[in-house]
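Here is the structure we will look at.
None of the figures in this text is laboratory data; all of them are computed from the coordinates on show. Please read these numbers as outputs of a predicted model, since none were measured by experiment. A quick note on method: Cβ atoms are made from the backbone with ideal geometry, for glycine too, and the neighbour counts reach across all protein chains shown.
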Amino acid sequence: MNSELLDQISHHMGANGLPYVLPIHPNLVHLTLGLFIIAIVFDFLGVFFPLEKWVFKFLGITVERSQLFDVGWYNIFAASVITFFTVGAGFFEMLLAAPPADIKSPWGMLAMPTMMWHGVGGVLLLAIIVGMTFWRGWQRYIIGLQHEREVQIPYLVVGAIIMLLLYLHGTLGAHLAADFGVHNTADKLLRMGQDLNQVLGGK
Ligand code: HEM
């Protein structure tokens, strides 16, 4: 979005450059990440249940293998649903972003390429998470019925690789928020030469 247009609408914006107090995308990302990671971790626990069940017994936790797989399935399903909102909010907040052009991230990247890689990567990750959900659903409802072990090893391997991608992708996002100060209230106020303690109600 060009700077003239941003100036026009900036009167309706808060100090974070958004028409609402708290940025939505950074809140939703934790649901995407948390739900996906829990889904894969519980499926790991389900697949290797015979090896670790003594630990549950030792800790006095009564758990059945199928319950671990339930957590794996419902969490990946929820990750899929929520990630549509994560990506939607990411697009909205990216369109209203006006990052500084003269700063480089810890990875040596400028703000625009960081935002582009993060945006495109986010859409690809949405597609991948939805694809994983179909794969998981197929294992659970179509082929899983014949097996006590609901999940195949390749699914866990791909899940672990996606977790690594999410880590790299999330780091790009963190560069946007922390290093480029995108929609970061404190960062924006400092750039405007304001006294944070005064404006944000500190001492
Ligand atoms: C799987 C999808 C995505 C994940 C897991 C994700 C993750 C993250 C994370 C961890 C942050 C840092 C938040 C913070 O430290 O406060 C972030 C920030 C950000 N992301 Fe994403 N992101 C995703 C998709 C997208 C997409 C598709 C876009 C835009 C097209 C986008 C735009 C942004 C922007 C503009 C920020 C700066 C903070 C803000 O939004 O206010 N993200 N993202």
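Cα extents of segment 9-68 along the three principal axes, largest first, in whole Å?
Largest first, segment 9-68 extends 61, 20, 14 Å along its Cα principal axes.
When Thr62, Thr171, Thr114, Thr185 are ordered from fewest to most other Cβ atoms inside 10 Å of their Cβ, what list results?
Thr62, Thr171, Thr185, Thr114
In which sequence would Phe42, Phe180, Phe56 go, from the one with the fewest C-beta neighbours within 10 Å to the one with the most?
Ranking Phe42, Phe180, Phe56 by Cβ neighbours within 10 Å, fewest first, gives Phe56, Phe42, Phe180.
Hey, what's the per residue convex hull volume over the C-alpha atoms of segment 154-199, in cubic angstrom?
69 Å³
Can you give the convex hull volume per residue for the Cα atoms of segment 26-144, as a whole number of Å³?
Each residue corresponds to 135 Å³ of Cα convex hull volume.
Show which aspartates and glutamates lie in cross-link reach of Lys57 when reach means a straight Cα distance below 16 angstrom and same-chain residues fewer than eight apart are skipped.
Hits, sequence-local ones excluded: zero.
Which is the longest run of the chain containing none of the GluC sites (Glu not before Pro) found in DSSP loop states (not H, G, I, E, B) with at most 15 other C-beta atoms within 10 Å?
No qualifying site falls inside 65-147, the longest such stretch.
Suppose we look only past 20 Å in the calculated P(r) of segment 83-199. What percent of the Cα-Cα pairs does that tail hold?
Cα-Cα pairs in segment 83-199 separated by more than 20 Å: 55 percent.
For the chain, what mean projected area does the convex hull of the alpha carbons give, in nm²?
So the mean shadow area of the Cα hull is 15.1 nm².
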